[in-house]
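Working notes, structure below.
The values are calculated or read from the model by the stated rules, or taken from the named source; none is laboratory data. Owing to the predicted nature of the structure, the values given are computational and were not obtained by experimental measurement. Ideal geometry is used to build each Cβ from the backbone, glycine not excepted, and the neighbour counts take in all protein chains shown. When the accessible area is computed, the model is the full protein with side chains, heavy atoms only, and any ligands, DNA or RNA have been set aside. Shrake-Rupley method; radii C 1.70, N 1.55, O 1.52, S 1.80 Å.
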Amino acid sequence: MIETVQVRQRGAYDFGTYYDNLCALQNTVPLPAVKAHLSDGVLDLNSDRLRAPDFVPLLNTLRINKSLTFVAFRSYYQPLPSDTPVGKRHLFKKRAPPVRTKDLTLRICKALRECLTVTPSLTCLEITNLPLRIRDLDNLAKGVSKNTTLNHVSLEYCRIGDEGLGVICQAIKNSPTITAVNFTGCGLTAQGADTLAKIIKHQAMKRHNEAWQDSLRYRRPDLDRMTGIRRITMNSNPMMDDLGAIALAEALKDDLWVKALDLQQCGISTEGAKALYDVLRTNTTIVVLDLRRNPLIDRGMMQSVMEQVMINTGGQDTEYRWIKVASPRDP
């Protein structure tokens, strides 16, 4: 059966019906997990539970979709530690789920690239604990660079490393809509922090130019309406250390837009915290600076940072909440 143009166009706005049709053509049963929250515009999957054939109708439906607002692919599989005693290996899941293969991660990223290119609705994209390779990130970056709706991008625990971060950041830095990024547990070092610092500087320069142009027209620049990243989350990257913290502090000196910076468990000591604290005192737009779970920061410095954050917020609640981070585990 060859689908008509009308069927495809309707399918772009009716994920459930189009998905059902493709499952019927393939002679497979539609998964309840896929359809559970479609009425809310949400596709949030524990991808470990899907067989390889289940992905065919799912990804073919996703690639043309224009109605979803939230898409998440998550994996909770933990590879067998190399130092596990032979006698205890039976306690771990032996076979990796299909979603962790090179073929499927590439197909997922290609489907997301096509969806991001056409969607007028998608605002939040989350990929958790999938082993994304550079070619996967290349496809994802192409979709992000063409998208004009995304607000939030999260690649938690995807272990993309500094090289992978550089690929995705090339797309993010010129995005007119992305305001929050999450690279928790991505295996980043000080080089990755420097990449994000360069994005902060790049976007600050663009916004300074916009503000200057507004001032020439006798307008008062509205900083809150200008585009760019407002929250950067980099928790659980212990190799980032003080060099990464200092690079971020240097970028934030002249920035008036980044509101929240999450750096839990990033190997930062008192030296790195001091650099960030000095910025916090002069840059009062920062209302969240999360340095918890960094045991090398002495208590006095940690207290000073928290007090300065309270001063910056004026003791008031803001839209930027303090977040709790936990390693991915099977729900």
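Residues that are open to solvent by 30 Å² or more (accessible area, probe 1.4 Å) and part of a strand (DSSP E or B) do occur in segment 186-193, at least one of them. Here is the figure for segment 15-69: residues that are open to solvent by 50 Å² or more (accessible area, probe 1.4 Å), under 16 Å from residue 110 (Cα atoms) and outside any helix (DSSP H, G or I) total 2. Restricting segment 207-231 to residues that are within 27 Å of residue 161 (Cα to Cα) and out of contact with any helix residue (DSSP H, G or I) (no Cβ under 6 Å at 6 or more places or on another chain), the residue that is modelled with the lowest pLDDT is 227.
For (1) small (Gly, Ala, Ser); (2) more than 22 Å from residue 42 (Cα to Cα); (3) touching a residue at least 24 places away in the same chain (Cβ under 8 Å), each residue gets a yes or a no:
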| residue | (1), (2), (3) |
| --- | --- |
| 125 | no, no, yes |
| 128 | no, no, yes |
| 135 | no, yes, yes |
| 146 | no, no, yes |
| 150 | no, no, yes |
| 159 | no, yes, yes |
| 164 | yes, yes, yes |
| 173 | no, yes, yes |
